[in-house]
Ligand code: SF4
């Protein structure tokens, strides 16, 4: 969490959206892009859910979403809330009563899926309670459930046949937002997640032209870790590069901890967040005469350790395997090495400082970083 405090100006960017607050986290209005995840425990298993939320908070997760599939899950929320500090968004499908109960139990935001919560009277009641508690609603459309909304909405039925799925998602989301606005409710966020990258990107790009509500980004059902690394980095990353997106959730078929880690990696790669020093390391090749992979792992283990004294340093560290690109990268970085045969040159603030024997590369580099 604390890494997002006091972010330099460069981390705040993008299009200016209408901000909402999820608990203490501001989403939109050019605030830093927040990272969120979702619990994967049974919500009613309070001990397991609380444990998971607190572990994710420790990793930097800023907002947690919890699925509320049954009334007992909504009823567990109040007890969970007392034991965690992360703001909670509840994930509601099909049954509006689950939204009402989770609001009563202290949810900090509600996600409604227009594909399965479309009854105007039910929505009116949810909005009334959300207003009372001053919490935002996320209009969360997914490509897999958008047909539910179209089927209930004659206006779209014939048009949607001609639209690609991403346009249908945009039109349905806007229509849903207009209904919330007609109830004088504007604390809205929108998400339009498709399971393919191109449709996701198209949907967000289009809606970004049509509304200033904050956008929650994600590629849905992105699969296991490596699949998601590729799909989420391209999908979420392209949009963030366009200046679109206020909060992100990476979807991984795996532990939510990886969702939070990957979320930050994406933000870091785009210069939108920084968790400790940035490591520039070469991939190694036949020219490399020292074990750069091992050295990089050791350096990363120390610099990126969440309890490390280096964690908040805004530094670029270059670890390069030879003199081809090594001196250039090491000179560009705040500190770095360019290896030779059994040794490395140490560079600091653009200057070649001294030669280090291979066995001492890690310890000497850390010693010099400490001095900075
Ligand atoms: S820096 Fe040198 S060792 Fe590393 S990949 Fe490039 S050429 Fe190979």
Among (1) within 27 Å of residue 26 (Cβ to Cβ); (2) surrounded by fewer than 24 Cβ atoms within 10 Å (Cβ to Cβ), which single condition is residue 221 missing? (1)
If I filter the range 324-342 for residues that are within 28 Å of the chain's Cα centre (by Cα) and under 26 Å from residue 53 (Cα atoms), do I get at least one hit? no
When residue 268 is evaluated against the numbered criteria (1) in contact with a strand residue (DSSP E or B) (Cβ under 8 Å, 6 or more places away or on another chain); (2) assigned to a helix (DSSP H, G or I); (3) more than 16 Å from the ligand (Cβ to nearest atom); (4) in contact (Cβ under 8 Å) with a residue 60 or more places away in the chain, which criterion, by number, is the only one it fails? (4)
Can you say whether residue 261 is away from the ligand (no atom under 16 Å from the Cβ) and more than 11 Å from the chain's Cα centre (by Cα), as far as the supplied structure shows? no
What number of residues within the range 30-73 are under 30 Å from residue 304 (Cα atoms) and part of a helix (DSSP H, G or I)? 12
So, of the residues in the range 191-222 that are in a strand (DSSP E or B) and out of contact with any helix residue (DSSP H, G or I) (no Cβ under 7 Å at 6 or more places or on another chain), which turns out to be nearest to residue 112 (Cα to Cα)? 191
Is it the case, given these coordinates, that residue 279 is more than 19 Å from the chain's Cα centre (by Cα), in contact (Cβ under 8 Å) with a residue 60 or more places away in the chain and away from the ligand (no atom under 11 Å from the Cβ)? no
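Coordinate-derived values only; no laboratory data. Worth saying up front: this structure is predicted, and the values here are computed from it rather than measured. As a convention, Cβ positions derive from the backbone with ideal geometry for all residues, glycine included, and neighbour counts pool all protein chains shown.
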